[in-house]
Amino acid sequence: MSDTTLSVTRRTEFGKGPSRRLRRDHKIPAVLYGHGIDPVHLVLPGHETSLALKQSNVLLTLDIEGEDSQLALPRDVQRDPIKGFVEHVDLVVVRRGEKVVVDVPVETTGEVVSGAVLSIEHSTLSVRADATAIPASLVVDVDDMEPGTSVHASEVSLPDGVELVTDADATVVVVAAAQMEVEAGAEEEAEGETLEGAEAAEAASEGEEA
């Protein structure tokens with residue numbers, strides 16, 4: 001996993017007005033909590049924080065001005081629903097050697113056989129891992145997989161020290177025949193045409209009766 005150091009300061013003003021001013025200055029309001037500490041309101045550097053948050057489960061070293069550094073993980077990231085910029089971040093304190101439960105992205109490698117379609121049923125898996133050794137992703141090898149093949153959570157390879165939290169029987173990826181999808185689409189189209197024909201015939205019959 002990646003580790004990013006951010007130079008941060010304590011936040012002393014609160015409310016919508018001060019928050020808007022912070023964002024205009026390319027800064028992000030945040031709150032840090034956990035491990036029995038009182039919530040600490042912080043100001044994060046906007047550009048560096050936004051870059052760091054592009055990484056899943058990024059471990060942040062917070063250099064708080066005039067105080068001891070803290071290790072933290074993003075717990076909740078609020079973004080503008082239209083423009084997508086970060087509006088606020090909830091951070092949770094972690095300690096080295098501590099186990100945490102996080103959702104890790106699933107990635108696939110390789111290509112299924114020709115004529116097959118790959119479907120990812122779970123894009124993330126919940127795992128328990130050391131806070132300083134969270135995997136960036138969990139890789140599933142689908143190379144040459146044939147239709148009818150599936151991979152369950154229990155079959156996904158995990159790094160040493162990482163434990164699966166997601167249900168072991170959960171289906172992660174499924175390989176199906178592309179032909180089945182085409183046939184299903186053709187059947188639906190044929191059913192639609194049949195229904196349209198029946199409706200047209202019924203309408204014509206009603207017109208003759210009239």
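Enumerate the whole-percent occupancy of each 10 Å bin, from 0 to the last occupied one, for all C-alpha pair distances of region 43-97.
21, 56, 20, 3
Can you bin every Cα-Cα distance in region 74-132 into 5 Å intervals starting at zero and give me the percent of pairs per bin, rounded to whole numbers?
4, 13, 13, 15, 15, 16, 11, 8, 4, 1
Please arrange SER114, SER69, SER119 by counting, for each residue, the other beta carbons lying within 10 Å of its beta carbon, fewest first.
SER114, SER119, SER69
With no solvent and one equal point scatterer placed on each C-alpha of region 3-94, evaluate the Debye formula and give log10 I(q)/I(0) for q = 0.10, 0.11, 0.16, 0.19 Å⁻¹, two decimals.
One equal scatterer on each Cα of region 3-94 leads to -0.22, -0.27, -0.59, -0.84.
Which of the lysines could a cross-linker bridge to LYS27, judged by Cα under 20 Å and excluding same-chain residues fewer than eight apart?
LYS16, LYS54, LYS83
When all alpha-carbon pairs of region 100-148 are counted, what percent fall beyond 19 Å?
That fraction is 37 percent.
FYI, it's all coordinate maths here, none of it is from the lab. Bear in mind the structure is a predicted one, so any value in this text is a computation, not a measurement. Methodologically, a virtual Cβ is constructed for each residue, glycine included, from the backbone with ideal geometry; neighbour enumeration extends over all protein chains shown.
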